[in-house]
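Visitor: I'd like to ask some things about the structure below.
No value in this document is a laboratory result; all are computed from the given coordinates. Not measured: the values here are computed from a predicted model. Neighbour counts are summed over all protein chains in view; Cβ atoms, including those assigned to glycine, are modelled from backbone coordinates with ideal geometry.
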Amino acid sequence: MPTIRRALLSVTDKTGLVEFARKLASCGVSLVSTGGTARKLRDAGLEVQDVADVTGFPEMLDGRVKTLHPRIAGGILAVRSNAEHASALARHEITRIDMVVVNLYAFEATAAKEGASFDELIENIDIGGPTLIRAAAKNFSDVAVVTDPSDYPNIGDDLARDGALSPARHWQLAQKAFQATAAYDRAIAGTLASIQPGQAPQRPGQDALPRYLDLHVPLKQSLRYGENPHQRAALYSAGRDGIGGARQLHGKELSYNNLVDLDASWLLASEFEQPAVAIIKHTNPCGCAVAASLADAYRKALECDPLSAFGSVIALSREVDGETAKEMSKLFVEAIAATRFSQDALALLTKKKNIRLLEMGRTAPCPVLKSISGGYLVQSEDRAETSPDKFEVVSARPPTSSEADALRFAWKVVKHVKSNAILYARDGRTVGIGAGQMSRVDAARLGAMKATLPLEGSVVASDAFFPFADGVEEVAKHGATAVIQPGGSRRDGEVIEAANRLGLAMVCTRVRHFRH
């Protein structure tokens, strides 16, 4: 195993630095360092050689130039088994460097800072650091490169035990180093792509799409399989946002399908300011409701389609209390997501060994990504807000106050139903959902067929316009009294005429909510 006699340390993040340097020194490793890193080590009582003493040149140009020198690069890049390299080192009196401990200027932190200037951004582009990291990673067989402070304890223990690091450890550290420089370059390129010289960095808007699709998301967990047992799958996530960043409190491992359904349920429940419950099966709502209490919202949501709710996932927009947990414990549920769970709720729900309980963080805007053969599709989230005061009444009869409330609720929910979608609702609850149909009139029939509650006096939401009058005629046949839809069909006149003939109130939003 390669021996480590000399280490170069130059870090921005000084977490754990002194302890690690002490461990290196105790293993007989001599320390070479720069600027603030050298000062911190000396203040801790460690013996350190300045890089300037190695190169024969002082740090210059406000620290822009300090490690870019053959006496540093040669000591890192020389292949130990190459006789010509060894001869060159001896001829030029260059001493080997066996370990490089470097992390980079905080470019991303600077870019995220309020009021950061263009000049600050440019000054926080590290030059020497990536060079040292790449050089050491390229020569990983002979040089250990350390870029992550979380690796310090294990490396120190290995050195104390074995006097060296294994070839496998050298390779692992090199892989991590190349990931670090790639992420750093990606952050710089992404930030500078959208600004001009002299401009301050701008935070991209919700609808901004990147010029290049550049994903770099860490593996959070491997999954047992994908949608089906013969497909491999994993979850990649960074941070605490959304379902990808949720904290699992209880239950067996989440499956691919669980995560897809949980995401659908959480996005729907998050639409409402009131206590809301969304019950999802195969990414479609089989019940959604709002109420004064979470328990009442759950009972109302479940009544929509209790048969389909078996084996569902549920999202709740409030802390789950004991009463709501008691109601949910009567049903076989795969997973539950909520902002929090009370102690009473946890005591009840954790009696079920397999049920997954997820505590949610915030839900930040996130582009929607879908793969197709030969490429990727990216779009902004469907967050189009249609204020009720901008709803356009197109029928002869305006909706009553209770119909208007039901229409607003239905319009929020239908956006989360797969197209073609027709949704029957009333009193803050869904009563029939027709999802994923090739024909809108079939979606209307399916929603009525699935209903277990009376449809008489319900309202209907359609995710897209009615291409013909037959869809409106179908929902009226089942007792609906008001309709909300985007409008915009070439046959809008015929559709509105049918609504008037049938005594329906009709509202147009001029916003479509296709969901594929």
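Visitor: Could you give each residue of the stretch 323-328 its phi-based ³J(HN,Hα) in whole Hz, using Karplus coefficients 6.51, -1.76, 1.60 with θ = phi - 60°, and x for Gly or Pro?
Guide: 5, 5, 4, 4, 5, 5
Visitor: Stretched out fully, how many nm does the piece from residue 438 to residue 138 gain, at 0.36 nm a residue minus the Cα gap?
Guide: Stretched out fully, the residue 438 to residue 138 stretch lengthens by 102.4 nm.
Visitor: Per DSSP H run of at least 4 residues, take -39500 (n - 2.57); add these up for the chain, divide by its residues and hand me the 222 nm value, nearest 500 deg cm²/dmol.
Guide: Value at 222 nm, helices only, nearest 500: -10500 deg cm²/dmol.
Visitor: On to the next question. Let me spell out the model: positive unit charges on the Cβ of Lys and Arg, negative unit charges on the Cβ of Asp and Glu, origin at the Cα centre of the stretch 239-359. What dipole size does that give, in debye rounded to 20?
Guide: So the dipole magnitude of the stretch 239-359 works out to roughly 440 debye.
Visitor: Starting from the 7 Å offset along Cα-to-Cβ, what nm value, one decimal, do you get for the label separation of residue 12 and residue 240?
Guide: Reported label-point gap for residue 12 and residue 240 is 2.4 nm.
Visitor: Using only the alpha-carbon atoms, how far is helix 492-502 inclined from the longest principal axis of the chain? Give it as 0 to 90 degrees, nearest 10.
Guide: 50
Visitor: How far is it, in nm, from the label point at residue 183 to the one at residue 157 when both lie 7 Å from their Cα along the line to the Cβ?
Guide: The modelled label-to-label distance comes out at 2.2 nm.
Visitor: To the nearest 10 degrees, how steeply does helix 440-450 sit against the main Cα axis of the chain, on a 0 to 90 scale?
Guide: 80
Visitor: Please list, in chain and number order, the residues 5+ apart from residue 101 or on another chain whose amide H is under 5 Å from its amide H, with Hs placed from the backbone.
Guide: For residue 101, the qualifying residues are 8, 9, 10, 146.
Visitor: Could I ask something else about it? Translational D (Stokes-Einstein, µm²/s) of the chain at 10 °C and 1.306 mPa s when Rh comes from the Kirkwood sum over C-alpha pairs?
Guide: 58
Visitor: If the reach is capped at under 18 angstrom between alpha carbons, list the aspartates and glutamates near residue 477, excluding any in the same chain fewer than eight residues apart.
Guide: Qualifying aspartates and glutamates at Cα under 18 Å: 403, 442, 456, 494, 497.
Visitor: For the stretch 71-151, what does the alpha-carbon gyration tensor say about shape, rounded, prolate or oblate, given a ≥ b ≥ c as the root eigenvalues, a/c under 1.5 as rounded, and a/b over b/c as prolate?
Guide: Prolate.
Visitor: Now a separate question. Extent of the stretch 390-508 along each principal axis, from alpha carbon coordinates, in Å, largest to smallest?
Guide: 31, 31, 25
Visitor: Also: Using the structure shown, list the pairs from 14/220; 252/415; 300/450; 390/415; 176/252 with a Cα-Cα distance above 22 Å, or answer none.
Guide: Going by Cα-Cα distance, 14/220; 252/415; 176/252 fall outside the 22 Å limit.
Visitor: Please list, in chain and number order, the residues 5+ apart from residue 381 or on another chain whose amide H is under 5 Å from its amide H, with Hs placed from the backbone.
Guide: The answer is 366, 368.
Visitor: Something else: Treat every Asp and Glu Cβ in the stretch 174-313 as -1 and every Lys and Arg Cβ as +1, leave all other atoms uncharged, and give the resulting dipole magnitude about the Cα centre to the nearest 20 debye.
Guide: Taking the Cα centre of the stretch 174-313 as origin, the dipole is about 520 debye.
Visitor: Name the residue from 231, 282, 361 whose Cα lies farthest towards the positive end of the charge dipole of the chain, charges +1 on Cβ of Lys and Arg and -1 on Cβ of Asp and Glu.
Guide: 231
Visitor: Residue-wise, which Karplus ³J(HN,Hα) couplings in Hz belong to the stretch 255-267, taking 6.51 cos²θ - 1.76 cosθ + 1.60, θ = phi - 60°, and x for glycine or proline?
Guide: 9, 4, 5, 4, 5, 5, 5, 4, 5, 4, 5, 5, 4
Visitor: Here is a follow-up. Check which residues have an amide H placed less than 5 Å from residue 276's amide H, if you skip close sequence neighbours.
Guide: Close amide H contacts, sequence-distant or interchain: 317, 318.
Visitor: Among 341, 466, 20, what is the fewest-to-most ranking by other Cβ atoms within 10 Å?
Guide: Ordered from fewest to most neighbouring Cβ atoms within 10 Å, 341, 466, 20 come out as 20, 341, 466.
Visitor: Something else now. Which whole-Hz couplings ³J(HN,Hα) result when phi for each residue of the stretch 119-125 is put into the Karplus expression 6.51 cos²θ - 1.76 cosθ + 1.60, θ = phi - 60°, listed in order with x for Gly and Pro?
Guide: These are the phi-based 3J(HN,Hα) values: 4, 4, 4, 4, 5, 8, 8 Hz.
Visitor: Another question about this same structure. Most exposed first by the Cβ proxy, i.e. fewest other Cβ within 10 Å, how do 304, 286, 27, 366 rank?
Guide: Ordered by Cβ neighbours within 10 Å, fewest first: 366, 27, 286, 304.
Visitor: Cβ neighbours within 10 Å, averaged per peptide: list 224-234, 246-256 in order, most packed at the top.
Guide: Ranked from most to least packed, the peptides come out as 246-256, 224-234.
Visitor: Another question, if that's okay. What residues of the stretch 350-371 lie in the reach of a label at residue 379, counting those whose backbone N is under 16 Å from a point 7 Å from the Cα along Cα→Cβ?
Guide: Taking a point 7 Å out along Cα→Cβ of residue 379, the residues of the stretch 350-371 whose backbone N falls under 16 Å are 366-371.
Visitor: Taking the Cα centre of the chain as the origin, how large is its charge dipole in debye, to the nearest 20, when only Lys and Arg (+1) and Asp and Glu (-1) carry charge on their Cβ atoms?
Guide: Computed charge dipole of the chain: roughly 980 debye.
Visitor: Placing +1 on the Cβ of each Lys and Arg and -1 on the Cβ of each Asp and Glu in the chain, which of 255, 339, 402 has its Cα farthest towards the positive end of the resulting dipole?
Guide: Selected residue: 255.
Visitor: If you don't mind, another one. Could you order peptides 278-284, 117-123 by the average number of other Cβ atoms within 10 Å of their residues, highest first?
Guide: 278-284, 117-123
Visitor: Cα-Cα over 32 Å: which of 330/370; 326/412; 23/113?
Guide: As for pairs spanning more than 32 Å Cα to Cα, those are 330/370; 23/113.
Visitor: Still on this structure, I have one more. Test of understanding: ordering 94, 72, 314 by Cβ neighbours within 10 Å, fewest first, what list do you get?
Guide: Fewest to most other Cβ atoms nearby, the residues stand as 94, 72, 314.
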